[in-house]
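Student: Quick one: structure below, then a few questions.
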Amino acid sequence: MKKYHKKAEQLQGSFTNLNKVEWVDSADVDTDGFTYNVIDLFSGAGGLTLGFKQSNYNPIAGVEKDPDAAATYERNFDSATHLNKDIREVTAEEVDEIIGDRTVHVLLAGFPCPGFSIAGERDAEDERNVLYQEIIRLLDVIDPWFLAMENVPGITTIEDGKAFQKILNDFEDAGYPLAVQILEAADYEVPQIRSRSVFLGNKFGKKNPYPNPVLDESEYLACDEAIADLKDEPRNPDINHEWTNHREDTIERISEVGPGESLYDSYKDAWKRQYPGVPSMAVKENHGGVHIHPELDRCVSSREMARLQSFPDDFIFEGRMKRTFVQIGNAVPVNLANHIARGLRPTLEEIREERAE
């Protein structure tokens with residue numbers, strides 16, 4: 001398991017501040033009081049939105065083109081108007097109508113990362129790499145106080161950093177200079193090793209507040225403990241507790257796979273049995289074959305994978321089983337989002353008091 005920690009440490013150590021940053025003890029932040037409004041572009045199933053909602057933010061709108069993820073978002077966030085459409089088809093007029101006279105305090109966006117991911121071949125020409133420009137297109141009408149966006153760490157190095165620099169330049173030209181830090185989800189009470197590039201920016205020239213880690217490596221949450229109570233539970237589609245229906249010969253082969261080992265020699269990070277006592281390796285967008293249960297001779301269920309992403313059990317995913325795995329694998333870990341949201345609150349309160357003077 002040490003190699004996973006080493007990878008996370010390398011990613012964290014590979015990046016420095018680009019703009020004014022301060023670090024906040026998010027665990028000590030009081031989330032009572034004023035409720036701030038958020039809009040989530042590229043919302044997916046809503047991991048980023050949920051983390052903010054848990055920290056006393058009000059979701060007022062979301063945009064997601066995937067119909068299953070959009071249905072999941074709509075089911076779980078009844079206060080938000082959700083647009084199930086391609087971001088390129090969303091007009092400023094319809095966004096303005098949704099917002100009305102409300103202030104958008106934070107604009108969230110987990111913009112697509114396939115062209116940036118280190119999991120496979122990176123394609124500098126992938127059209128999804130420039131979808132961040134749709135966020136900029138809508139900035140005038142949304143006029144948020146803050147931006148909070150996330151992507152894979154590999155976004156910083158594609159095209160030798162040229163694409164990344166263009167993103168920074170474009171947002172600065174739009175009035176939102178960005179700070180970027182690579183955060184490790186396991187540091188924020190997520191039972192999973194998952195590093196993310198987190199972009200923060202604001203239009204007031206304030207320092208961008210990032211949450212200090214709340215756990216050190218010796219305190220990381222164990223993946224097997226996070227899902228222990230589900231291992232003897234039967235399949236239950238009502239709570240997304242479903243897993244791949246393995247053939248008998250596959251089950252026999254899985255039984256011979258040890259912790260950290262893969263069912264297949266040809267796969268580097270797939271069909272691996274998870275180590276007990278430590279966080280899982282990063283979950284991914286596929287049908288669940290990435291993770292073999294730490295104890296059982298099967299892959300983890302959708303609900304177990306959701307637990308590894310720190311989704312609560314009452315958050316239900318819509319769609320067929322394989323589609324739920326895709327949604328969960330693409331999501332921002334909820335507890336990481338929660339600490340990002342908590343870290344922003346003191347600065348938002350400062351801005352609110354200044355504007356009231």
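Student: Using the alpha-carbon atoms, what tilt in degrees (0 to 90, nearest 10) does helix 2-13 show relative to the longest principal axis of the chain?
Tutor: 10
Student: Can you give me the distance in nm between label points at Thr157 and Glu94, each placed 7 Å from the Cα along the Cα-to-Cβ direction?
Tutor: So the label points at Thr157 and Glu94 sit 3.9 nm apart.
Student: Related question: Where is the GNM fluctuation largest for the chain (alpha-carbon springs, 10 angstrom cutoff): Arg303, Arg323, Arg194?
Tutor: Arg323
Student: Sticking with this one: Compute the angle between helix 132-142 and the longest alpha-carbon principal axis of the chain, please, reported from 0 to 90 degrees and rounded to the nearest 10.
Tutor: So the helix axis and the longest Cα principal axis differ by about 40 degrees.
Student: For the pairs Lys20/Lys85; Lys65/Lys272; Lys272/Lys322; Lys231/Lys272; Lys284/Lys322, flag any whose C-alpha to C-alpha distance is greater than 23 Å.
Tutor: Lys20/Lys85; Lys65/Lys272
Student: Next question, about the same structure. Compute the FRET efficiency between Val21 and Ala228 as 1/(1 + (r/R0)^6), taking r as their Cβ-Cβ distance and R0 = 30 Å, and round to the nearest 0.05.
Tutor: Rounded to the nearest 0.05, the efficiency is 0.20.
Student: Here's another thing I want to ask about it. Counting C-alpha atoms alone, how compact is region 285-357: give Rg to one decimal and Dmax as a whole number, in angstrom.
Tutor: Cα-based Rg and Dmax for region 285-357 come out at 17.7, 62 Å.
Student: Considering just Cα atoms, how many Å³ per residue does the convex hull of the chain enclose?
Tutor: 134
Student: Can I ask one more? Only Lys, Arg, Asp and Glu count, each charged at its Cβ (+1, +1, -1, -1), so figure out the dipole size of the chain about its Cα centre, rounded to 20 debye.
Tutor: 660
Student: Counting helices only, and only those DSSP H runs with n ≥ 4, report the 222 nm mean residue ellipticity of the chain as the sum of -39,500 (n - 2.57) divided by its residues, in deg cm²/dmol to the nearest 500.
Tutor: -9000 deg cm²/dmol
Student: Using only Cα atoms, tell me the angle between helix 334-356 and the longest principal axis of the chain; keep it within 0 to 90° and round to the nearest 10.
Tutor: Relative to the chain, helix 334-356 is tipped by roughly 10 degrees.
Student: Over all distinct Cα pairs, what is the inverse of the mean 1/r for region 171-227, reported as the Kirkwood hydrodynamic radius in Å?
Tutor: Roughly 13.1 Å, rounded to one decimal.
Since every read-out is calculated from the coordinates, none of them should be taken as a lab result. Not measured: the values here are computed from a predicted model. Using ideal geometry, Cβ is built from the backbone for each residue, glycine included, and neighbour counts are taken over all protein chains shown.
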